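Here is the structure we will look at, set down as structure tokens.
No lab work stands behind these numbers, since they all come straight from the coordinates. Values in this document were obtained by computation on a predicted structure and should not be read as measured data. Cβ placement follows ideal geometry from the backbone for every residue including glycine, while neighbour counts extend to all protein chains displayed.
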Amino acid sequence: WLVVARGASVEVSRRDASEVLARWDGPGEVVSVRLADDRVLVAMGENGWAELEADGLAEIVRAPQDDVRAVAARDDLRFVAAGRDGVQGVRVVDGAVEPVTRIDGDPARDVVARNGVLAVATLEGAGLIDLAVPESPQFRPTTTPGSALGVALVDDALVVADFTDVAVIEGEALTDVAPLVGSDLLDRSRAVSVDPTSDTVVVAQWDGLHAY
């Protein structure tokens with residue numbers, strides 16, 4: 001599947017985008033959309049967030065919340081980057097959202113989960129959260145280039161888009177920062193993702209998408 005946000009709508013199509021298979025219309029502009037197994041997680045800013053079935057885009061739950069920038073999934077938990085309210089962990093049960101944990105901090109702009117680790121982008125930088133015990137997550141501080149708009153995880157590295165460039169932070173302590181080749185001030189990096197099948201980093205910039 002290919003999942004695309006278009007204004008206040010989400011569309012799912014074949015990977016070659018040859019045919020739109022389903023469409024879901026939300027109450028306001030979609031800020032981010034993520035495919036997590038057979039679920040689609042939709043962040044809608046001041047209109048909260050929603051979880052949809054990937055096959056047909058049937059709505060499972062819609063949760064009112066302020067300033068939702070992104071939603072990540074790990075098992076049955078959902079982690080919501082809720083802007084000024086930091087990151088909140090919730091569980092969806094019978095169409096209702098139950099709070100599980102809250103991670104206070106700087107305004108959260110993006111969140112992604114992989115291999116038991118949660119990466120969070122904030123206006124003050126980025127950080128990692130150990131999800132060994134999801135109900136009591138442990139924060140792992142890391143050195144970052146500055147304000148972060150998007151994050152991704154690949155192997156033991158954290159990839160950060162901080163508007164001016166893209167950096168890879170790796171090593172046991174995640175303190176070694178190196179810019180991606182070809183990334184510079186003119187790129188205006190706003191979002192970043194990783195293709196786990198090829199470890200390719202895809203960056204959204206003002207002049208389109210770039211792969212590294």
>> Test of understanding: express the Cα radius of gyration of the stretch 1-44 as a ratio to 2.2 N^0.38 Å, with N the residue count.
In response: 1.07
> Any number yet on Rg/Rh for the stretch 1-140, C-alpha, Kirkwood?
Replying inline: 0.97
> Counting other Cβ atoms within 10 Å of each Cβ, which trypsin sites (Lys or Arg not before Pro) in the stretch 20-93 have at most 12 and sit in a DSSP loop?
Replying inline: 84
